[in-house]
Each structure stands twice: as C-alpha cells, then as structure tokens.
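All remarks here apply to the structure that follows.
The values are calculated or read from the model by the stated rules, or taken from the named source; none is laboratory data. Model, not experiment: these values are computed from the prediction. Reconstructed Cβ throughout: ideal geometry from the backbone, glycine too, with neighbour counts over all protein chains shown.
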Amino acid sequence: MIYACGRCNYCKGVDFNDRCPEIFTQVWESSTARGRMAIARGILEGKLDYTEELAERIFGCFMCARCQEECKKAAQIDVISITKAMRADFVDRGIKIPEGGEKIVETALSSGNIFADTPQIHNQWTEGLEFTEGSGTLFYPGCLASHRFKEKTNILVRLLQAAGYILDFLGEEQTCCGTPLWVTGKLENAKQWAQDYLEKLQARGVKEIITPCPSCFRAFDEEYPELLGLETFPIIVRHTSAVLEEIVEQKKLKFTVPINKKVTYHDPCELGRYRDIYDPARKIFEALPGVEYVEMARNKENAFCCGGGGAVKTMFEDYSDTVAKERIQEFSSTGADLMTTICPACELNLTQGTYMVDIEARVLDVAELMAVSAGIVDEEILESDYFPED
Ligand code: SF4
Ligand code: SF4
C-alpha cells in the first residue's frame, strides 16, 4: 500500500485547511498522509530511521481518516493501519514517544482509567439509577462519559431504561476499554488488556454491550478481535446511535415536547468514516418536534475532526485546541443554536472549543435532545446559559 501512493495530493487538499487537521495545525509535508507514505517508504528502503523527532509527526496525526476517505478516489491506501503500525514500531524499537502518550498509558494501566480517579468518583454519574446485574445487556460508558459527563450519561441511561432496556453495569469493575494502549502503539499491553476484559465480560454473562463512545465501540467490536486473533468478538457490541435509532423506529418512546431550536450535528470520525454510520442522528432529528436541522459545510464523510482523535489531545494539546476552535467556528457560521454529536470525546473537545472561541452555545449528545422531547429531562438543558453541576 505504501508504494501505491502516487502523490496525487487529494489527502492534503487544495486548501491546506479544509481536510487534514494535522497539516492544518502542523504545516509540514511530513504532517500529511502523502508525506507519511514517503517516510514509510524511506524506512522500508533503509534511507530513513525512526527517531524521536519523527515521532512528533507520526504521533501528531489525529487518525481522523479524512485522508483515507479522499484516498479512496486515488490509491485506496489504509492510512490509519499504516499509522498505527508505525506508532507500534516506535514502541518496539524503544524510541521515546511524546510524553503525553506515555503518561496516558501509565495512568490507564495503574489506575484502570485515563483520569486516575477512584471507582467512587468513576461511578458518581449513576446517582439515582438502578441496574440489573446479569441482564446480559451491559451499559459501558467508558472513561470520558463516566468522568467528564456525569449528567449526560445519567440522562442517557434514564432514556434507555424508559424505553425498556434492562441494563447491567460493571460498577467498580469497569475500567478503560484500552484504546489509549493501541493508539500509542503499546500492542503487548493492549493484547493482555483485551484478553483480561473479555474474560471478565464472559464471566458476568454479558451478551451485548451498549456504549455511547465510538472508541469503546470500536475497541470491543474491532480492536479486541484483531488483538486476540478472533474472527469476530463473541459479544454483540452496539453504539448508542443504533440503539437510539431503534427507539425512534420502533416507537419505544413518544416525543411530544418541542425542541424549538436550530440544530446541527458533528459526525464523529470513528463512527462516520470508520464505520459508515451517518444516518441515525439525522433520522432521529426528523422524529423530534421543533428541530430545525441544518448541516455544517463539512459533513458526513467530509466532516472536519473535532481535534480529539489519535490521542493528540494528550500529547499536543495546542493542536487539539486549534482544531476544536476551527470546528466551532464552522458550527457558528451555520447560525444553529445547538451543536450536537454522539461521542463523549467530541463533546469534550467541542465544548472546550466553545469556551476558547467564546461563544455561548451548548454541545449536546443526541440522546439529550431525545430525553427532553420525551419529557424525561427539563428543557433548560438546551439553553446556552445552562451549566451542568459536573
Ligand atoms: S490521496 Fe492517497 S495516493 Fe494520493 S497523495 Fe494522499 S496518500 Fe498518496
Ligand atoms: S488521519 Fe486525519 S490527521 Fe492523520 S493524516 Fe489523515 S487526515 Fe491528517
């Protein structure tokens, strides 16, 4: 695949700012998919070697797959797999990776989550909720939804339970899905993590996992089987986008409270380009009264990253912030009242983007709009001056 790159420049685009967030923030030719293919070729031919300086470029990629989408029209190169393999090569050769990457791995391994929180803090979002141990359907929020979005996650579970889903929850046994391990090339740690987690889930009788996080969704559904040499993961894994769509299609709830807002939607990279899941949120908005839907200029397969991908946020926060600001400005130019998405990492980065750009706007999960319209939570959460306690 590396040799298939014809340097057509589709991945970089005519305007450096419109496609790849890496070149948007880091400027060099070596910050593009095209540049990375040239570097990879140099390494294969013994003309270049992995160095700490090169790590800055390879770990500066947001792994958003925008280049890969564009390359479908050219050489169909799997840029993400090549980037992952190059990151793993740094680790195999003992070359120092950017400090933030090392730190997030150490934190996940030592504390079980990426924030080094205790299980008590980890579970504060469950306040007032009851779960059914052994139901077979596990609600797995993952680190970000547990630690940074207690209210959103609580609302999501109330919505799912109101629609009739009988949910189990791991409680103090819940740890990170392991995404930071393979994103930073730590494949040996990742294999062990996946093996241990699968055993834990099977011992509990989990038949299906529902998660709001696209990274956790892909972790169980794609990365674990790959790491463990399995054809498929032995447990059904569903992202909430599919479950929320099912609630609407099967009329499991009545949506009667009007939203009365102009709404736009940010496609998470790991759901859209990685898994071709674009429709659920848009279908859901059609079913909610009072939603005036408007698309951002870059949407679906052309959506610009939120800045939260590829663990860049933990390694090069300035780059991540710059991308979030760009995406929020794009939201702002639509004239929408609400930015929505369906990924805790996007919600975190875009929310921080609203503070940096200094606009009054809430970034909401699609589930929160559904919960308002179903009368499960008050409409006040839609207002730009509403600030959740957590
Ligand atoms: S789009 Fe693909 S083939 Fe074209 S320059 Fe980029 S990586 Fe190479
Ligand atoms: S994955 Fe995204 S950030 Fe990385 S090179 Fe491709 S377009 Fe740029």
Could you tell me whether any residue of the stretch 229-245 is surrounded by 20 or more Cβ atoms within 10 Å (Cβ to Cβ), touching an Asp or Glu at 6+ places or on another chain (Cβ under 6 Å) and farther than 25 Å from Asp279 by Cα?
no
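Checking the structure you have, find out if any residue of the stretch 86-105 is part of a helix (DSSP H, G or I), out of contact with any His (no Cβ under 6 Å at 6 or more places or on another chain) and within 16 Å of ligand 1 (Cβ to nearest atom).
As a first pass, look at the stretch 86-105 and keep what is part of a helix (DSSP H, G or I): 86-92, 99-105.
Add one more test, that the residue is out of contact with any His (no Cβ under 6 Å at 6 or more places or on another chain), and what stays is 86-92, 99-105.
The next check asks that each one be within 16 Å of ligand 1 (Cβ to nearest atom); those that pass are 86.
Yes.
To keep it simple, each residue is scored yes or no on (1) under 16 Å from Ala190 (Cβ atoms); (2) surrounded by fewer than 17 Cβ atoms within 10 Å (Cβ to Cβ); (3) not charged (D, E, K, R).
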position	(1), (2), (3)
Arg57	no, no, no
Lys84	yes, no, no
Gln120	no, yes, yes
Gly136	no, yes, yes
Could you please give the count of residues in the stretch 134-158 that are modelled with pLDDT of 95 or more, part of a loop (DSSP other than H, G, I, E, B) and under 26 Å from Leu109 (Cα atoms)?
2
Among the residues of the stretch 24-48 satisfying the criterion of being part of a loop (DSSP other than H, G, I, E, B) and closer than 24 Å to Arg327 by Cβ, which is nearest to ligand 1 (Cβ to nearest atom)?
Thr32
What pairs can you find where one residue is in the stretch 5-17 and within 10 Å of ligand 1 (Cβ to nearest atom), the other is polar (S, T, N, Q) and in a loop (DSSP other than H, G, I, E, B), and their Cβ atoms are less than 7 Å apart, with a gap of 6+ or different chains?
Cys11/Thr32; Lys12/Thr32
Exactly one condition in (1) in contact with a Lys or Arg (Cβ under 9 Å, 6 or more places away or on another chain); (2) within 16 Å of ligand 2 (Cβ to nearest atom); (3) in contact (Cβ under 8 Å) with a residue 40 or more places away in the chain; (4) not basic (Lys, Arg) is not met by Tyr50; state its number.
(2)
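Given the residues Leu198, Leu244, which is the only one that is more than 19 Å from Thr340 (Cβ to Cβ) and hydrophobic (A, V, I, L, M, F, W, C)?
Details: Leu244 fails: more than 19 Å from Thr340 (Cβ to Cβ).
On inspection, the qualifying residue turns out to be Leu198.
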So Val79 ticks every box in (1) within 16 Å of ligand 1 (Cβ to nearest atom); (2) under 30 Å from Arg148 (Cα atoms); (3) crowded, with 23+ Cβ neighbours inside 10 Å but one. Which box is left unticked?
(2)
From the set of residues in the stretch 1-23 that are part of a helix (DSSP H, G or I) and of a type in the set (A, V, I, L, M), which is surrounded by the fewest Cβ atoms within 10 Å (Cβ to Cβ)?
Ala4
Any idea which residue in the stretch 354-370 is modelled with the lowest pLDDT, counting only those that are touching a strand residue (DSSP E or B) at 6+ places or on another chain (Cβ under 9 Å) and more than 23 Å from Arg218 (Cβ to Cβ)?
Ala361
Restricting to the stretch 1-33, count the residues that are more than 8 Å from ligand 2 (Cβ to nearest atom), within 24 Å of the chain's Cα centre (by Cα) and among the charged types (D, E, K, R).
2
Please indicate, with yes or no, whether at least one residue in the stretch 160-171 is surrounded by fewer than 19 Cβ atoms within 10 Å (Cβ to Cβ), modelled with pLDDT under 95 and not small (Gly, Ala, Ser).
no
Members of the stretch 53-81 found to be more than 10 Å from ligand 2 (Cβ to nearest atom) and not in a loop (DSSP other than H, G, I, E, B), listed by number
Glu53, Leu54, Ala55, Glu56, Ser81
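Do you know which residues across the stretch 122-133 are part of a helix (DSSP H, G or I) and under 13 Å from Glu173 (Cα atoms)? Can you show your working first?
Within the stretch 122-133, the subset part of a helix (DSSP H, G or I) is 122, 124-126.
Of everything in the stretch 122-133, just one residue is part of a helix (DSSP H, G or I) and under 13 Å from Glu173 (Cα atoms), namely His122.
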Is it fair to say Thr179 is over 20 Å from Ala371 (Cα atoms), among the β-branched types (Val, Ile, Thr) and either surrounded by fewer than 19 Cβ atoms within 10 Å (Cβ to Cβ) or touching a residue at least 24 places away in the same chain (Cβ under 8 Å) (or both)?
yes
